[in-house]
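Structure record follows, encoded as structure tokens.
The values are calculated or read from the model by the stated rules, or taken from the named source; none is laboratory data. Being a predicted model, the structure only gives us computed values, none of them experimental. In this analysis, Cβ positions are derived from the backbone assuming ideal geometry, glycine residues included, and neighbour counts consider all displayed protein chains.
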Amino acid sequence: MELTERQKLILGRTVEEYIDSANPISSGELSKKHDFGICTAMIRIEMERLEDEGFLFHPFISAGRMPTDKGYRFFVDHLLENKKQNFKFKEEELAKEVRQVKGEVKDYFKTIQELTKIVSEFTSSLALSYLPEKELSLKEGWGEAVKEPEFSDSKSFENFIGLVESWEREVIPELNLSSQIEVFIGQENPSPKAKDFTIIASRCSFPEDKEGILVIFGPKRMTYNKNIWTLNSITKLLLED
């Protein structure tokens, strides 16, 4: 089924509200915060249709709805384009930090470490970098990553920690990037153990012409527009002379 413009709008707002709140979203909540030009009952019907098509699901009978992997994928592929301008004000700050690291930090290891920190700081997520040539893997941002409400569940937390600790062995070998930046959501992930998470990965050229990968790794409920923008921007800045 091809979504109508109204269904796209309702799906987009549902995903955004869920990302912000980490709670299932009801038709009543959407009606209070957004003007779709229809009543709450009609919003509920549209959400039911989106659920029937696999974009949303009910975690509990009496709860609101949450995005599925399919819902997140549609959101990333079709509903983010108009959100890029939200980060215009951060472009100068990000460019300044990346150029400063490139120009002032002479130690190779320290340069990669600082770039990984920048990714983590701008996204409030766990950031990883990997250089195949040197088999070097760095991780930054543990403190922010583990604050996510998804990790109040001990099983999810243990799974996340286990994946990060075995990153080089279980994820990197399967991470074949066919384009400059890719987003793997839930079941799309190269490792089946990462089905509850999202990986945003970008190929990039580190100093001394070393090819590597920058990655943001976290729950599927993440700020996709900010995270994709950050990796895209840093990748382009690293290509500057």
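When the stretch 8-32 is examined, which residues are found to be among the polar types (S, T, N, Q), assigned to a helix (DSSP H, G or I), surrounded by 18 or more Cβ atoms within 10 Å (Cβ to Cβ) and over 20 Å from the mean Cα position of the chain (by Cα)? Steps first, answer last, please.
Initial filter on the stretch 8-32 (among the polar types (S, T, N, Q)): 14, 21, 23, 26-27, 31.
If we keep only those that are assigned to a helix (DSSP H, G or I) as well, we get 14, 21, 27, 31.
Add one more test, that the residue is surrounded by 18 or more Cβ atoms within 10 Å (Cβ to Cβ), and what stays is 14, 27.
Within the stretch 8-32, just 27 meets the criteria.
If you check residue 162 against the conditions, is it outside the structural domain of residue 75 (by TED's automatic domain parsing) and either surrounded by 20 or more Cβ atoms within 10 Å (Cβ to Cβ) or under 24 Å from residue 74 (Cα atoms) (or both)? Walk me through it before giving the result.
Working: outside the structural domain of residue 75 (by TED's automatic domain parsing): yes; either surrounded by 20 or more Cβ atoms within 10 Å (Cβ to Cβ) or under 24 Å from residue 74 (Cα atoms) (or both): no.
No, not satisfied.
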